[in-house]
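The values are calculated or read from the model by the stated rules, or taken from the named source; none is laboratory data. Given the structure is predicted, the values throughout are model-derived calculations rather than measurements. Glycine gets a Cβ as well: all are built from the backbone with ideal geometry, and neighbour counts include every protein chain shown. The accessibility values were calculated without ligands, DNA or RNA, using every heavy atom of the protein model including side chains. Shrake-Rupley method; radii C 1.70, N 1.55, O 1.52, S 1.80 Å.
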Amino acid sequence: MELTTILAAAATLLGGLYLFYSYRFTYWKRRGVPFPKPLPLVGNFGFVLTGRKVFTTALKEMALPFKEKGYCGVYQWTKPLLLVWDPEMIKQIMCKDFSSFHDRGLPADKHDPLSQHLFNMGGNKWRNLRNKLSPTFTSGKLKLMFPLMRDIGVELSAQIAEETKKAETHELKINTLLSRYATDVIGSVAFGIQCNALRDQENEFFIMSRSIFRPSPAQFVRFFLETIHPKLGGLLPFWLILSNVHRFFINLMKDTVEYREKNNVERNDFVQLMMQLRKADLASIDPENHVELNPGVMAAQGFIFFIAGLDNISNTVAFALSKLAANPELQDKVANEVRDVLRQHDGELTYDALKKMDLVNRTALEALRIWNPVGLMLRKCNATTRVGDLTIEKGQVVFIMAQIAAMDEKNFPDPTRFDPDRHLPEVKETRHPYTFLPFGEGPRICIAERFALLEMKLALAMLLRDFVFSNGPGHKGEVELDPKALFPMPKDGFVLQVTARA
Ligand code: HEM
């Protein structure tokens with residue numbers, strides 16, 4: 001082939017690509033939706049390749065120039081993605097028009113058993129599973145589970161006392177200890193095992209749980225392909241996806257179920273509740289959308305409980321403690337509430353005592369508002385719908401950026417100031433309810449909201465009863481976020497000085 005023919009073919013190909021991408025990148029303009037300028041090929045997602053920005057921070061920065069509009073479009077590579085933060089539009093997407101936005105558009109792939117969990121599932125299968133699992137999170141069930149959690153809270157306090165004594169300046173990376181606490185809690189209630197991550201950092205369960213957040217290269221490729229098209233990830237052979245972490249969690253659930261069945265073991269935890277549901281399942285009346293609770297599907301639920309219940313909890317509690325360390329007066333106030341309520345309960349940190357600790361509750365909520373562990377929520381439009389002044393087309397993925405409203409001066413004056421009183425009923429009344437959604441809203445709201453708050457409050461109450469937290473010589477000011485993490489993670493941890501409370 002002559003050189004001129006090759007050059008002509010290359011020029012035609014490049015020209016074609018140029019026209020294709022130029023047209024793709026007019027999607028938002030044609031719809032009158034404001035958008036930041038995209039770059040060829042990468043759209044607005046070039047920051048993912050440089051790895052210099054936290055995912056949620058980068059999206060927030062793209063949205064802020066259009067703050068008053070309440071929404072904007074971006075290009076995830078070449079795919080149009082809608083970001084929404086207007087509270088009324090959020091309400092419509094999450095609640096009023098839920099039937100048009102019931103899924104997240106994430107893959108629940110039958111070749112990857114651990115992907116078949118509530119967070120990923122869609123449509124009627126999701127509804128079927130959600131209806132089955134919801135009763136496991138009632139206050140009655142949580143009350144029964146509470147003693148298992150409290151035992152781990154006691155261990156946390158003992159471990160902190162021990163490690164503080166060893167540390168020269170009595171400083172500790174408090175988020176690491178809280179992460180070990182959260183591992184033990186989820187291991188106990190979701191997998192029914194005592195993992196002892198608090199005592200033993202070499203513990204297999206703890207190591208495996210940390211690996212969840214470090215995907216293998218094959219999983220990374222799969223994730224990347226799925227962001228382009230959900231079906232592309234499924235093209236990879238499934239043995240590439242089943243990492244040792246996957247096998248570990250599936251076998252763990254299988255062994256636990258078998259052991260309990262064989263030995264008639266009963267324990268107040270999620271495993272027990274799912275085993276009971278499995279029996280009731282046999283009489284399912286909706287065979288088409290029926291989700292069999294076999295050990296693989298049970299392991300998938302335990303797995304998502306794990307992913308959702310580790311860093312979300314540990315970092316938010318650590319953040320709350322860091323804010324209390326910076327404000328000793330507020331810390332004393334919260335600690336006094338803990339002491340006063342405990343006095344009314346004969347010194348026992350019970351479920352009922354914890355329920356009465358209103359300031360502890362508001363402290364956890366305020367930490368959720370500013371730290372905002374989840375960052376954004378996902379919905380995929382399944383029927384073209386008018387939302388506010390915008391038509392959202394079928395197939396459009398929407399990122400709900402509730403954090404923008406939660407850090408908006410209009411809704412929360414002086415938004416970076418840590419102030420639990422913002423969550424007093426009379427103050428709450430003055431703002432739109434959809435400006436603060438740490439657990440989401442509507443039918444797909446976090447199924448474990450009450451459980452998560454209980455776990456956070458238990459840690460806060462236990463630690464403020466026993467210790468005083470302050471900023472020691474290792475304090476470096478506001479904590480820096482790890483740019484490589486998908487969700488907010490402290491780059492160097494929350495280092496606090498800990499002394500026993502008199
Ligand atoms: C501080 C802790 C937590 C926060 C801030 C949090 C927040 C959230 C958010 C924002 C969502 C998405 C809601 C939506 O799209 O509307 C969600 C969903 C979910 N969370 Fe949590 N979560 C936490 C802890 C937990 C824990 C401990 C568990 C399990 C034990 C859990 C299990 C789930 C599940 C299964 C879903 C999917 C629900 C569905 O689609 O039906 N979360 N969570």
Probe of 1.4 angstrom, ligands and nucleic acids ignored: what's the accessible area per residue over the stretch 323-373, in square angstrom? 44
Quote the Stokes-Einstein diffusion coefficient, in whole µm² s⁻¹, for the chain, based on the Kirkwood radius over alpha carbon pairs, a temperature of 4 °C and a viscosity of 1.567 mPa s. 53
Counting only Cα atoms, I'd like the Rg/Rh figure for the stretch 310-398, Kirkwood definition for Rh. 1.24
Residues whose modelled amide H sits under 5 Å from the amide H of Leu378, counting only those 5 or more places away in sequence or on another chain, are Ile400
The extension gain from Glu288 to Glu168, computed as 0.36 nm times the residue separation minus the Cα-Cα distance, is 37.0 nm
For the stretch 410-498, listing GluC sites (Glu not before Pro) in a DSSP loop whose Cβ sees at most 13 other Cβ atoms within 10 Å gives Glu429, Glu478, Glu480
Within the accessible area of the stretch 74-151, what % is carbon and sulfur when the probe is 1.4 Å and the other protein chains stay in place? 54
What accessible area per residue comes out for the stretch 1-125, rounded to a whole number of Å², with a 1.4 Å probe? 53
Solvent-accessible area per residue for the stretch 394-502 at a 1.4 Å probe radius, Å²? 46
Dipole magnitude of the chain, debye to nearest 20 (Cβ charges: Lys/Arg +1, Asp/Glu -1, about Cα centre): 1240
Can you list residues from other chains, or at least 5 along the same chain, whose modelled amide H is less than 5 Å from the amide H of Val387? Ile392
Compute, for the stretch 304-384, the length of the dipole vector about the Cα centre, with Cβ point charges of +1 (Lys, Arg) and -1 (Asp, Glu) only. Units Debye, rounded to 20. 440
Sulfur and carbon atoms: percent of accessible area, the stretch 155-208 [1.4 Å]: 46
Short version: ³J(HN,Hα) in whole Hz for each residue of the stretch 335-350, in order, from phi by Karplus 6.51 cos²θ - 1.76 cosθ + 1.60 (θ = phi - 60°), x for Gly and Pro, what are they? 5, 5, 4, 4, 4, 4, 5, 4, 4, 6, 10, 6, x, 8, 7, 9
Which value does Rg/Rh take for the stretch 354-502 over its C-alpha atoms, Rh per Kirkwood? 1.02
Taking a probe of 1.4 angstrom, what is the accessible area of Lys125 in Å², to the nearest 10? 90
Percent accessible area from carbon and sulfur atoms, the stretch 344-502, protein chains only, probe 1.4 Å: 53
What do you get for the angle between helix 270-281 and the principal long axis of the chain? Use alpha-carbon atoms, 0 to 90 degrees, nearest ten. 60
Run the count for the stretch 376-502, please: Lys pairs, Cα-Cα under 22 angstrom, 8 or more apart or on different chains. 5
So, taking all protein chains as they sit and a 1.4 Å probe, how much accessible area belongs to Leu3, in Å² rounded to tens? 120
Hz values of 3J(HN,Hα) by residue in the stretch 169-175 - Karplus curve (6.51, -1.76, 1.60), Gly and Pro given as x: 9, 6, 9, 9, 7, 5, 5
With angles folded into 0 to 90 degrees, how steeply does helix 123-133 sit against the dominant principal axis of the chain? Use alpha carbons for both and round to 10. 0
